[in-house]
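The values are calculated or read from the model by the stated rules, or taken from the named source; none is laboratory data. These figures come from a predicted structure and were not determined experimentally. Counting neighbours? That spans all protein chains shown, and the Cβs are built from the backbone with ideal geometry, glycine included.
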Amino acid sequence: MQEQVFDPSLSVPHGPSLETLAASIPLTWRRALLALLSYGLFFTDIPRSGYGFATLPADTFNQIQETIFSYWGPYNYPVMRINRTSSGSFTGATGVKPAAAATVWSYRSDTCSVGLRALVQHYGIPGWDPCLLYAHACASASLDLAAVFAMLDNTVASLVARESQPTALRVESFYKDKVHEALAPTDAFMEHEFRSVQAYVMRSAFDACDASHAYRPNYCEQSQADYSTLSAPRAGIGRVSQHIQKRFASTLAALNATMQVAEMIVIESAADFRPWIGGVAILRPRNFDLVTLLRVRNCSSPTACTTVSVDDYRYEGGLLNTNTVHTYRTVRCLRFVGQMYNIIRVGVLFYGCYLAAWFPVVLFVIAHVIDAPFVYLLVYRAFSSVNGNIVVTSDYIVFVLTMLSCHMRNVWVLSLLTKGLLLATHGRRRGQTILGFRGYVLPLVSFCSIGFEVRLLSIRNTDVVRRAAVAPSATVSAIRYLHTLPSNVRYWGLFLDLRCLLMAFICLHIALRFLRVNIVRARSLVPYAVTSYCSSSMFSTSWNTLFLDKDTSTVSMHKMATQSAVANLLYPCGGRRQAEHVLMNVAWMTDPIEYMAHALWCTSTVYVYKDSRTGRLYYHPLSIEELRTHDDDEMDKILTVVRQDTLVSLRWSDRIYTC
């Protein structure tokens, strides 16, 4: 073997020195600022977002049964009333407020319009603009009053003509309004929603839910029959059927009975209790609505009538079946233990590394898996609107920011995935290098994933995909209320995490390329102590950060390649790299689990060698036989074994300088 050139780095006296570390890796203002920001977010995770849900927010959720809550509304509101004057012109109003046009949203995108459009498509009712049925995009966000008057008049006329044939449909429709859904290359995996639609005709004012009535709508036997029990603070009405009766009676009282008639169509539409899977907690939302179309006609004879007024008034709300509050004790325990472990670890480390060990990551991931479906439901709920209108208040902004903060808990899922990826590729490790994601990449991906969960009114798609007539049956309706189709599930929770995190990672990777950051993963050159004594998954986050160490990894790898075999074995390189290796040893040696493992049951043998040229001592995890495999001649010439020891028996000042 050719004689090795003497490496001066071997003769550099070693000893724990803060000045040496500070000179090699200076604490710049950028490092200090990013460290403070990272630890600020890290330690305030629970204060910002809480342990979980001991109770559901009272201003949003009203408990009806043990696990049934009203979580949306209920609301009742006028959409549009259009009158035709004697001159043939049209005037419109929304409640008491005059309106010159109707909104496309109310008849195309609103979930309340799904049942209405399903009936229009099923019976081929004329007068509807094809854009409202998703044949093409609408040219404007508003609709002419005359056009809305004609299509509502035709709808009432068509359904009244079928009064003797009860109308009931099962409907499947799209439900797209989130950014990640809009960016999907195909609609093949778009969310579908199943609902039951039924319509009945009223020619006189009566309580449709009265026990003596021969025909009773399905909602009469369900929770939404009485709004006052769903949400006492928000509901302005009691029993829905009685409110409909009073509205119709008020209209009839104002008519000229000798020449005017009125009919009302009530369209009942309700989705199934659909499981949103992707976590442990049960989450089964269900939204419902009633669309009432009231028509007034002037009749000179029983067969010669002219419609003079149409009125669109709606009722809607949402129910939720969930056991989230029953998982609170488990979630609180997991997050408390995980947070305390991290606080203790950073306290011991003083200068720690983010996302260091398996234990806290696994605890936080388990807690996230348990209640993630409900947390994301709150994010979903934050962007809900009534008739396309969102009222922005200071409380609303605080609520949205809090929910989006909770959304960043998926950083723990991302961390667990990266650790699993590192573990899977452990057998293909290159020497003493560990491939990991650069610092701040994971939090950035998690932060960017928030944007893909935002719901936008402009991309709402509730197109009716399929519809089928079914025989009206109270028994079948009751079964549908309790059970949906086995395949009717929404992939939520962890599934949503994976989808949004993947999109965020791709977008961030592209953006960083434009900023001339070529790699998001970098190899960390680690001491032999790391690969011999501890789990290398602790370094799934690369030692090189995204913003502060652009070229360090490349330069260090080049230096390592030009050094002698002995220098690489004893000290991979001097200066900054030696200082980094000391900090790496500090990082893993101060992990509580690693420390207890080596102190109590793991025997970590350390070999103490003496350099015959300098008299310097080296602490190395490899035996002399293992070192000889790298360079037989050189090792025998310069190294002699002083003693064999254990890692925990070394002084701390010697332990952190283990090769």
query: Out of the stretch 75-98, which residues are more than 29 Å from A225 (Cβ to Cβ), in contact (Cβ under 8 Å) with a residue 40 or more places away in the chain and not polar (S, T, N, Q)?
result: I82, R84, F90, G92
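Residues are listed down the side, and each one gets a yes or a no for (1) touching a Cys at 6+ places or on another chain (Cβ under 7 Å); (2) crowded, with 22+ Cβ neighbours inside 10 Å; (3) modelled with pLDDT under 70:
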position: V346; (1), (2), (3): no, no, no
position: A356; (1), (2), (3): no, yes, yes
position: F359; (1), (2), (3): no, no, no
position: V365; (1), (2), (3): no, yes, no
position: V369; (1), (2), (3): no, no, no
position: Y376; (1), (2), (3): no, yes, no
position: Y380; (1), (2), (3): no, no, no
task: Quick one: which residue in A214, A249 is in a loop (DSSP other than H, G, I, E, B) and over 27 Å from H326 (Cβ atoms)?
output: A214
- prompt: Of the residues in the stretch 91-111, how many are surrounded by 17 or more Cβ atoms within 10 Å (Cβ to Cβ) and not hydroxyl-bearing (S, T, Y)?
  reply: 7
- prompt: Does F206 satisfy the condition of being at pLDDT 90 or above, part of a strand (DSSP E or B), surrounded by fewer than 20 Cβ atoms within 10 Å (Cβ to Cβ) and aromatic (F, W, Y)?
  reply: no
field: Every pair of residues 6+ apart whose Cβ atoms lie under 8 Å, when the first sits in the stretch 301-324 and is more than 29 Å from T91 (Cα to Cα) and touching a residue at least 60 places away in the same chain (Cβ under 8 Å) while the second is of a type in the set (D, E) and buried (at least 22 other Cβ atoms within 10 Å of the Cβ)
entry: G317/D289; T324/D371
message: Just to verify a result, which residue in the stretch 29-79, among those that are touching a Leu at 6+ places or on another chain (Cβ under 7 Å) and among the charged types (D, E, K, R), is modelled with the lowest pLDDT?
response: R31
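Here's the yes/no breakdown for (1) among the charged types (D, E, K, R); (2) closer than 22 Å to G431 by Cα; (3) modelled with pLDDT under 85:
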residue	(1), (2), (3)
S604	no, yes, yes
Y618	no, yes, yes
P621	no, yes, no
H630	no, yes, yes
D645	yes, no, no
task: Report, by residue number, each residue of the stretch 271-286 that is surrounded by fewer than 24 Cβ atoms within 10 Å (Cβ to Cβ) and farther than 25 Å from L498 by Cα.
output: D272
- prompt: Which of the residues spanning the stretch 159-193 are farther than 16 Å from W492 by Cβ and assigned to a strand (DSSP E or B)?
  reply: T167, A168, L169, R170, V171, E172, S173, F174
field: Close pairs from the stretch 151-178: first under 30 Å from L457 (Cβ atoms) and at pLDDT 90 or above, partner of a type in the set (S, T, Y) and not in a loop (DSSP other than H, G, I, E, B), Cβ under 7 Å, at least 6 apart
entry: D153/T307; S158/Y123; L159/T167; R170/S196
statement: Condition set part of a loop (DSSP other than H, G, I, E, B) and surrounded by 18 or more Cβ atoms within 10 Å (Cβ to Cβ), scope the stretch 112-133, selection nearest to the chain's Cα centre (by Cα): answer is C112
